[in-house]
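Novice: If you scroll down you'll find the structure; I have some questions about it.
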Amino acid sequence: MIELASARKQKINLADYNNEQDILNRILFSDFTPFDLMVVEEILFSPLKISLKKIARSLQTADETLLPILTKLEKTGLLSREEDAIAVDKEMRKYFEFEMQRFDPRFTPDLDFFQGLLRKVPIHILPAWYSVPRSSNNIFESIVEKHFLTPQIFHRYVMELKTGDPRVFAILNDVINAPQLRVSSSDLIARYNLSRREFEEIMLRLEFHFACCVSYSKEDDHWDEIVTPFNEWKQYLVFLRETDAPPIATPPQAAGDFAFIEELATLLQKLKKTPLPESEKNPLLEKLCLVRLADLKNGTFQAGVSADEWLDMTLENKSLYLYRHTYNRVLGYPHLNTLLEKHLREAEKSIKRVLRSGWVYFDDFIKGVYIPLSEHSVVMLRKTGKQWKYTLPQYTDEEKELIKVTVFEWLRECGFVTTRKMNGKDSFCVTPFGRFFFDD
């Protein structure tokens, strides 16, 4: 499950705008029948002044059939009636045109829709809600940059919801963990024993946080009201799901979690008793010299002054000694030295997605890596044409090799992962110590 941790207090206050009328209207929309929507659309596409009879003729229905929905619409302020004459309020028509998008089968609750939501709120309120400079030339762009620029930034922003009404946060988690990333409003209302008003207040908070949005799906002779994440975040969540490395069904038997460290310790014990000639040089000896546990003196490899102290350490502390040693590095990949020095710590973080996945194939794992190694691998919100989206990472062959070397050499040597060939493919598993070390 995707979990959201606690964060700072949220600043969105629904009382800062005419939320009462907004809530009443939303309750009305939730009761719309397909015919009600046809009436509203007819009014929206008609002149500001129109006759009741003309609407009835256009819809091929009787005047009396229109009266119930017209009475409801009068209460919203969309129109006023005097006998046969209907006068449509220009500003309320804009409001309805915006809200009726939710019923369009092509509707996508995206950043452009969010920008429209903000127009409900007095512009001088927005800097306080979203912590952006009042002097900003474009408040919407400032909001995007501050809260939505990367999934990590947005994740921290929506964490604010945990400090308010716990039901708001619970509904958010229900939606983002639903199999299809969508939940019926009726299910949520029943699950949390909400009144219709309470539900609409919660949804306004979620919408103004750009977390979830209400829309409608036509089902036979009625509208099914659903709650989904906003589109840009939904696309990113789908990417995470589709690239989640599946665990290997029959996990392999592997060497111990600290196999490399135990090999080093065994070799170092031998060096204490019998120095080895320089001609015996191998990767383990080179590693011992690199981390100052052995020295090459007078043509022989000998145990260093720190050897006894290191050998007395627990396996975990031996691991941390290697991991933190200033001179330790991955050996045997000179063509990657520059990348390793620059991006090793970022590449380490790639295993966080599989901390508790058990054994996974590297080929499956690499599909879901999204660490920033270059401008092409940074997952960032960008606008292409008319659409916003989080760009997905793209890695060069050299960067993919860097990630593999980091996992299969560096992290294996430190005891954070254990590796093995399985069905002819490279596989690995994060060790208990690795899970402890890299868990947030």
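Novice: Restricting attention to segment 195-225, which residues are part of a helix (DSSP H, G or I) and under 19 Å from Arg119 (Cβ atoms)? Spell out the reasoning first.
Specialist: First pass over segment 195-225, keeping only residues part of a helix (DSSP H, G or I): 196-208.
Across segment 195-225, the qualifying residues are Glu200, Met203, Leu204, Arg205, Leu206, Glu207, Phe208.
Novice: Hey, any hits in segment 165-186 for a residue that's in contact with a strand residue (DSSP E or B) (Cβ under 9 Å, 6 or more places away or on another chain), closer than 26 Å to Lys386 by Cα and in a helix (DSSP H, G or I)?
Specialist: Checking segment 165-186: at least one residue is in contact with a strand residue (DSSP E or B) (Cβ under 9 Å, 6 or more places away or on another chain), closer than 26 Å to Lys386 by Cα and in a helix (DSSP H, G or I).
Novice: Output the residue which, of all residues in segment 271-313 that are within 24 Å of Gly332 (Cα to Cα) and of a type in the set (S, T, N, Q), is surrounded by the fewest Cβ atoms within 10 Å (Cβ to Cβ).
Specialist: Ser279
Novice: Out of all the residues in segment 281-295, is one or more touching a Ser or Thr at 6+ places or on another chain (Cβ under 9 Å) and on the phi > 0 side of the Ramachandran plot?
Specialist: Yes, segment 281-295 contains a residue that is touching a Ser or Thr at 6+ places or on another chain (Cβ under 9 Å) and on the phi > 0 side of the Ramachandran plot.
Novice: Considering only segment 37-79, state which residues are basic (Lys, Arg) and under 16 Å from Met100 (Cβ atoms). If you could, list the steps in order and put the result at the bottom.
Specialist: First, pick out the residues of segment 37-79 that are basic (Lys, Arg): 49, 53-54, 57, 72, 75.
Once the filter is applied, which keeps residues that are basic (Lys, Arg) and under 16 Å from Met100 (Cβ atoms), segment 37-79 yields only Lys72.
Novice: Can you tell me which condition Leu322 does not meet? The list is (1) more than 30 Å from Pro246 (Cα to Cα); (2) out of contact with any Cys (no Cβ under 7 Å at 6 or more places or on another chain), and all the others hold.
Specialist: The one condition Leu322 does not meet is (2).
Novice: Scan segment 142-153 residue by residue and report those that are assigned to a helix (DSSP H, G or I) and in contact with a strand residue (DSSP E or B) (Cβ under 8 Å, 6 or more places away or on another chain).
Specialist: Of segment 142-153, the ones assigned to a helix (DSSP H, G or I) are 142-148, 151-153.
Answer for segment 142-153, where residues must be assigned to a helix (DSSP H, G or I) and in contact with a strand residue (DSSP E or B) (Cβ under 8 Å, 6 or more places away or on another chain): Val144, Phe148, Pro151.
Novice: Return the residue satisfying two criteria in turn: it lies in segment 325-351 and is assigned to a helix (DSSP H, G or I) and hydrophobic (A, V, I, L, M, F, W, C), and of such residues it is farthest from the chain's Cα centre (by Cα).
Specialist: First pass over segment 325-351, keeping only residues assigned to a helix (DSSP H, G or I): 334-351.
Next cut, hydrophobic (A, V, I, L, M, F, W, C) only: 336, 339-340, 344, 347, 351.
Values: Leu336: 31, Leu339: 27, Leu340: 27, Leu344: 23, Ala347: 19, Ile351: 17 Å.
Residue satisfying both the conditions and the ranking: Leu336.
Novice: Please verify whether Ile123 is of a type in the set (Val, Ile, Thr), in a helix (DSSP H, G or I) and at negative phi, treating the condition exactly as stated.
Specialist: Details: of a type in the set (Val, Ile, Thr): yes; in a helix (DSSP H, G or I): no; at negative phi: yes.
No: the conditions fail for Ile123.
Novice: Can you tell me which residue in segment 365-387 is nearest to Ala347 (Cα to Cα), limited to those that are of a type in the set (D, E, K, R) and in contact with a Lys or Arg (Cβ under 9 Å, 6 or more places away or on another chain)? Spell out how you get there, then give the answer.
Specialist: Within segment 365-387, the subset of a type in the set (D, E, K, R) is 367, 375, 382-383, 386.
Okay, now just the ones that are also in contact with a Lys or Arg (Cβ under 9 Å, 6 or more places away or on another chain), so 382-383.
On the way: Arg382: 24, Lys383: 27 Å.
Only one residue fits best here, namely Arg382.
Novice: Another question, if that's okay. Give the residue, chosen from Glu316, Glu348, that is charged (D, E, K, R), out of contact with any Pro (no Cβ under 6 Å at 6 or more places or on another chain), surrounded by 17 or more Cβ atoms within 10 Å (Cβ to Cβ) and touching a residue at least 40 places away in the same chain (Cβ under 8 Å).
Specialist: Working: Glu316 fails: surrounded by 17 or more Cβ atoms within 10 Å (Cβ to Cβ).
Exactly one of Glu316, Glu348 is charged (D, E, K, R), out of contact with any Pro (no Cβ under 6 Å at 6 or more places or on another chain), surrounded by 17 or more Cβ atoms within 10 Å (Cβ to Cβ) and touching a residue at least 40 places away in the same chain (Cβ under 8 Å), namely Glu348.
Novice: Quick test of your reading of the structure: Arg292 fulfils all but one of (1) modelled with pLDDT of 95 or more; (2) outside any loop (DSSP other than H, G, I, E, B); (3) not acidic (Asp, Glu). Name the failing condition by number.
Specialist: (2)
Novice: Shifting gears a bit: Can you give me the number of residues within segment 247-268 that are closer than 25 Å to Arg324 by Cβ, surrounded by fewer than 13 Cβ atoms within 10 Å (Cβ to Cβ) and free of Cβ contacts under 8 Å to residues at least 60 places away in the same chain?
Specialist: Residues meeting the conditions: 1.
The values are calculated or read from the model by the stated rules, or taken from the named source; none is laboratory data. Quantities reported herein were computed from a predicted structural model and do not represent experimental measurements. Note that we place each Cβ from the backbone using ideal geometry, even for glycine, and neighbour counts take in every protein chain shown.
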